[in-house]
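Chemist: To start, I am sharing the structure in question, which I have written as structure tokens.
Values quoted throughout were computed directly from the atomic coordinates according to the rules given, and no laboratory measurement underlies them. If you're wondering where the values come from, they're calculated on a predicted model, not measured in any experiment. Neighbour counts run over all protein chains shown; Cβ positions are idealised from the backbone, glycine included.
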């Protein structure tokens, strides 16, 4: 219009311009926050990806894969080897048959995945172990290094008493410090240490799969528990598998010491090793880690209800094309609906 100041806008246009400028300013101020949020959303999840055979399996709040079982379900952890003692890790569910007291059972859950375990490292600290502890400690640490990084591990040193020198952790430095608490003296109360450690695992281990790793160099000569009593405790439900290394050498009674470790391992689905020299212990510890990480988890609901109680013998068989003979190693049986005797956790080390 004639005489109108063209540098001025109508009031409505001016208001719109002010709103636009405000939004631009707010966008500049909020841009770093929006950018950071976008970056956060683009980061990969810290939750591990679930393998195909475990797509329906739950993951806990820490992102750790766990196997949850029904109240009436019996869970077996089984290793399979061929006729040359090589681990077989590619079997399907239909390759397995489970028998309880000789009767076939229906498998209701099956997993083959490297799940973390709750593990007790139980090391002989008697006088005869003094010169052996350095290499034994290194082997124990290498076992942890070769295992699932989410394993939860505690350390018990024992002579005629047992000492919980480190409770559950996956911190290698803490485990190393616990293993170095050496006061090699006294006798060997192996059975007491194993039973107390198994009780500690059952009371405080949050992971379903449980293992005890033992290293000793002689016969038990100081336990209040007998071998038979220890085995019975280890055959309660949800008890650990025993992996043992016996550095027996020319001990006075190596036969009885060897037999005890073999019984503890065989009844619980673990393994016992007897190296000829101390230098073999480290390689054995890595073999144990590999065995633990390559097991099958097989669940079944027993045809005889658990509330009937009593001891149940368990046998698992495996057959598959391409394998002439397969051997399955798992626990030999369990006590149904049984209460674990109260033996107490390993006491804290006061040294």
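Chemist: How far is the Cα center of the range 296-326 from the Cα center of the range 193-228, in Å?
Modeler: The range 296-326 and the range 193-228 have Cα centres separated by 24 Å.
Chemist: Another one. Which value in nm describes the separation of the simple spin-label points at residue 167 and residue 266, placed 7 Å from the Cα toward the beta carbon?
Modeler: If labels sit at residue 167 and residue 266, their model points lie 3.8 nm apart.
Chemist: Could you order peptides 184-191, 283-290 by the average number of other Cβ atoms within 10 Å of their residues, highest first?
Modeler: In decreasing order of mean packing, 184-191, 283-290 become 184-191, 283-290.
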